1. What nm distance separates the two modelled labels at ASP134 and TRP163, each placed 7 Å from Cα along Cα→Cβ?
2. Output wanted: per-residue J couplings in Hz (rounded whole) for the stretch 23-28, from phi through Karplus 6.51 cos²θ - 1.76 cosθ + 1.60, θ = phi - 60°, x for Gly and Pro.
3. When only C-alpha pairs under 8 Å and at least 6 residues apart count, what is the relative contact order of the chain, in percent?
4. Over the chain, average the accessible area per residue using a 1.4 Å probe and give it in Å², no decimals.
5. Can you tell me the relative contact order of the stretch 1-54? Whole percent, Cα pairs under 8 Å, sequence separation 6 or more.
6. Work out the FRET efficiency for SER190 and ASP51 from their Cβ-Cβ distance, taking R0 = 30 Å, and round it to the nearest 0.05.
7. Highest mean first, how do 188-194, 7-13 rank when packing is the count of other Cβ atoms within 10 Å averaged over residues?
8. Just the Cα atoms of the chain: what Rg and Dmax do they give in Å?
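The values are calculated or read from the model by the stated rules, or taken from the named source; none is laboratory data. No experiment lies behind these values; they were computed from the predicted model shown. Cβ placement follows ideal geometry from the backbone for every residue including glycine, while neighbour counts extend to all protein chains displayed. Note: accessible area is taken over every heavy atom of the protein model, side chains too, but ligands, DNA and RNA are not part of it. Shrake-Rupley method; radii C 1.70, N 1.55, O 1.52, S 1.80 Å.
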Amino acid sequence: MSILGPIALCAIAVAGLLAAEYRDSRGGQWLTKPLASTAFVWLGLVSGALDSGYGRLVLLALALCLLGDLLLIPRDRPKVFRAGVFAFLLGHVAFSVAFLTRPLDPYGLAAGAVIVGVVILTVLRWLGKSLPADMVFAVRTYMLVIGVMSVLACGVSAAGGPWAVAVGALAFTASDISVARDRFVRHQFSNRAWGLPLYYAAQLLLATTPALI
């Protein structure tokens with residue numbers, strides 16, 4: 001089965017999602033975001049995720065991210081938002097376990113650790129007092145987990161794995177900056193205008209990796 005179907009669906013749904021976000025259409029967001037996220041799960045299936053242990057872990061991670069996307073749609077329900085963050089955290093853990101099943105290059109791990117560590121520390125310092133007191137631990141834990149996931153991805157690609165692993169993981173990490181800024185610093189469309197396309201591109205890249213490994 002061709003990968004073009006899920007990629008096209010995701011692209012169309014993301015375009016619709018951006019329009020819905022710009023117009024602040026809740027109905028539009030509930031229609032387009034689940035479609036866009038279902039598309040990357042579909043792409044994982046098309047890429048043979050069920051045919052290997054690595055692929056099944058990636059598929060689990062993608063499904064957890066789909067759940068997280070749904071839980072992040074409501075903006076005025078903090079408990080639902082926390083549940084969404086937790087779903088994403090579990091998704092990053094699943095990605096990390098998947099990457100641990102592959103060969104890892106120590107130099108790639110070291111380089112990734114330096115780059116990702118600097119980015120995460122900079123973001124946490126930038127957020128500063130913008131974080132609500134009851135979210136500090138959750139956000140720091142989340143950033144640590146996604147950082148580990150990204151470092152492992154760098155190790156996989158440096159060991160001869162597909163470049164889509166590292167690029168997808170790093171793009172995923174970068175897209176979370178837009179979520180943090182939108183949620184804790186300033187809620188505005190510009191955050192989602194670049195963050196959402198980057199996020200979905202990252203998920204599509206990661207979803208293709210079962211076919212490449």
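1. 4.6
2. Taking θ as phi minus 60°, the curve returns 8, 6, 8, 5, x, x Hz for the stretch 23-28.
3. Numbers: 309 pairs, mean separation 49.6, N = 213.
Reported relative contact order: 23 percent.
4. Values: 10040 Å² over 213 residues.
Each residue of the chain exposes 47 Å² on average to a 1.4 Å probe.
5. Details: 40 pairs, mean separation 24.7, N = 54.
The normalised contact order for the stretch 1-54 reaches 46 percent.
6. Details: r = 41 Å, r/R0 = 1.35.
Efficiency at R0 = 30 Å is approximately 0.15.
7. Numbers: 188-194: 14.0, 7-13: 17.4.
Most protected by this proxy first, the peptides run 7-13, 188-194.
8. My reading of the Cα-based Rg and Dmax gives 16.4, 49 Å.
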